[in-house]
1. Would you point out the residue of segment 723-755, among those that are at pLDDT 95 or above and within 51 Å of the chain's Cα centre (by Cα), that is nearest to F699 (Cα to Cα)?
2. If I ask for residues that are modelled with pLDDT of 95 or more and either surrounded by fewer than 18 Cβ atoms within 10 Å (Cβ to Cβ) or assigned to a strand (DSSP E or B) (or both), which ones from segment 569-583 would you list?
3. Checking D372 against (1) without any contact (Cβ under 8 Å) to a residue 40 or more places away in the chain; (2) assigned to a strand (DSSP E or B); (3) among the charged types (D, E, K, R): exactly one of these is not met. Which one?
4. Go through segment 485-505 and give me each residue that's more than 26 Å from the chain's Cα centre (by Cα) and not aliphatic (A, V, I, L, M).
5. In the list G586, G658, G649, G633, which residue meets the criterion of being out of contact with any Pro (no Cβ under 7 Å at 6 or more places or on another chain) and part of a strand (DSSP E or B)?
6. Listed residues A229, A243; which is closer than 23 Å to F157 by Cα and surrounded by fewer than 16 Cβ atoms within 10 Å (Cβ to Cβ)?
7. Give me the residue from segment 677-698 that is of a type in the set (S, T, Y) and more than 16 Å from T774 (Cα to Cα) and, out of that set, surrounded by the fewest Cβ atoms within 10 Å (Cβ to Cβ).
8. Can you tell me which residue among S362, S404, S393 is within 25 Å of F28 (Cα to Cα) and either out of contact with any strand residue (DSSP E or B) (no Cβ under 9 Å at 6 or more places or on another chain) or part of a loop (DSSP other than H, G, I, E, B) (or both)?
Amino acid sequence: MALSADQLNTIYQNVLFRNVDTGGIQFFANRTDISDAQVRQQIELSAEATTFVTPVVRLYQEVLGRVPDAAGLRFFSTELRQGFTLDQITQQFLGSTEYQAKTSGVTGQTNSDAFVTSAFQSILGRTPATSELPYFRTLTASNALAQIANSPEASQFNAANVTTFLDNVAQGTYTTGSLGSQSGGTTGGTNAGTSFVLTTGIDTGTAFTGGAGNDTFTGAVNTNGGGGATDTFNNGDSLNGGAGTDKLTLFTTGNIPTGGTTTNIEQIFIQNTTNASSISANQFTGATQFWAQSSTADQTFTDLNVAQTAGIKGTVGANVNLTFTYANVAGTADTASLALDAAKLTGTSTVTVAGIETLNVSGVGTGINITDTDLKTLNISATGTTSITANGSANLTTINASASTGNVTVTATNAAAVAFTGGAGNDKLVLGGTLTNADVINGGAGTDTVSISGGDFRTAGGDVIKGVNTLASIEQLEFTGATGAQVNGDTFTNAAITKLIFNTTGNDVVELSGARTYAFGSDNAGNATFTARAGATTLNLALEGTDVNALGTAGTAQAGTIVANGQTQINLASSGVAGVGANVVGELDLASNTTVTVTGSQALTISALKTVAGADFAATDTGGIINAGSFTGKLTVVGSAGVDVITVGTGGSVVTGGTGADQITFGSGVDTANFTSGTSESGVLAAGVVGQIDVISSFTAGAGGDHLAVTGGGAVVNTYTAVTAAQQTTIGAAASLTAAINAAADAHAAAGWTAFSYGGDTYALHEAATSTTTGYIAGDNVVKLTGVTVANLTAANFGPVA
């Protein structure tokens, strides 16, 4: 009987652990031309299932010797969907109580042949060849198990039993036991197919004919064009898959023999290396799918029928061109399908689907660069993060990703006017300089972005600003290229856009800024000026780093000089990727007494604080109030020439206060106050009086505590020498703080640090040069440490953090 939408949703929940999407309902619900079992099998064999579910099933068998339970399958499949690697999941298996009870456990390097052999037998049903063992000895336990479980051989060998298990799951039953013992499901039996390994002879007849199960055939063509002594797919081979959904995998180094044929093998996978190959679909009667799998040399499939699916699986080598051509295309309304299975194209690699006007893309893939010049409509049903470039066609008018559940990025900078519909994920449409009010764009659900080239968009009648203001369900607008963006709050009326992202190398200008967030990405290099609307006193900024930028280097977010004109509250969020490096603001120009609240976790550097005009603050003016108390990253900040108030968080920050009498509050990390060599930045000597002394609160004294350091050119000395009790008595009896500082300087008599108490307060003194008679001189620094006793200070508190 036909499945209702509710029944279909139950199958999706059982197998994929999510609700059925609109596309799934439209395609599968109430079908009478195929059985319910066939519907279930298509879901169980989908790219989504083979990416996020079946690897977990195989891993359970390999590591624990059983099929997964309901909670385990859901948990680890969800982790895969969230971005965990199979290696990371395998580590969790190895640390489990069940595994530890099953074996003595393995950690570190897997230099045991017995361990690898056990894994092979559990998931591949064979022992490893002697030549295979050296490779696996070099891997960690988790990496070895993950690679074996996710290998093409493991996928093929276990395909039928995995499908049988999942078919029971689809119907609400979790069977137990080993993967090889599964029964029930669609066929009521094990549904196990036969694994055929081709030989160097002529493979034909009943010995190479499959049965009712999902059979697998594996062969190699090690000689370009065939005919080599080690080739196992040869002229005269005639393979028959029989019933079931069968698969042929060929490992090739170029063209294959044209006299080898298959019948009733539905899935053809070719992994090509060394030489370019061209393979005709006519050799494979009954095939429904043709896949390029992790190829490292150019690959062409010819004579396809548009009813057959083109596919890309795994990572394709850099600068490899994949081409699919069709024998039955004609006119201007041809439709074909491209399936992606964890596909990844790198470098200048391309995909050409020749002569097709409508292309339906499904699955998961990144860097998919489609060069089809005839393409008019691109339909995308992505189940995970997917990026597609479709700049090859100026005829592209429709991009429909509404059926996608993953995050989809589409680049279409050659499209004159396009209708775009996003899906459930956080989608991104890259248009470059082509956006106008002729485009009809709806981002759908999620937080969606449109990316355009920078330019002057302040005039209300411009085509681009008209296009921006008609964007629907788009929350973020990105500017890229060599020209900075110039935006006016009066003409930029699209209230749904809550964030502007600057990734230009030019200078950006925002007039009449409002409540939006203004973000700087890893491709930004210019300056930015923000002029506030009357009454709008808050400026929301973000620095958003990535793993790498467009040049392939570290993706730290960069902003040159940011000018905040008219705002008195700046909220600055810093985000990025762990281990990449600090986001950077070259200079922050702000009004006196402006509060800058820093949040986030990515390390952040603010290299200078100055006035709105870019000048130094007067020594008595309040410069910036930096409140980073809740910031968890490392903050490196250089204060202004005025009086700054700086509070840091938990990340172990470095503060250079400048020459004003700064008030610095340390956090729970190991923090450092820096002073520039040869400059009195804390404790300025004027008319014989030492003033403008920094005050540091929450300073942790002793080993493992905070630091005071002088840095810069020349011979900088950061050693610490404590004053004697007699010297402290003399210092404490001084008539004024300046006199006490001079007495401490004379008593110290050496370059470096000392500390003393006066009037109940503790001070740390740095002398730039050795002297016993000159007292405190220009170039020396003195800082007040509240809540600290001199006795608790040690040499560990002085000098930069090692």
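The values are calculated or read from the model by the stated rules, or taken from the named source; none is laboratory data. None of the values given here were measured: they were computed from a predicted structure. Cβ placement follows ideal geometry from the backbone for every residue including glycine, while neighbour counts extend to all protein chains displayed.
1. A755
2. Q569, I570, N571, L572, A573, S574, S575, N583 - these are the residues of segment 569-583 that are modelled with pLDDT of 95 or more and either surrounded by fewer than 18 Cβ atoms within 10 Å (Cβ to Cβ) or assigned to a strand (DSSP E or B) (or both).
3. (2)
4. Q486, N488, G489, D490, T491, F492, T493, N494 - these are the residues of segment 485-505 that are more than 26 Å from the chain's Cα centre (by Cα) and not aliphatic (A, V, I, L, M).
5. The unique qualifying residue is G586.
6. A243
7. S697
8. S404
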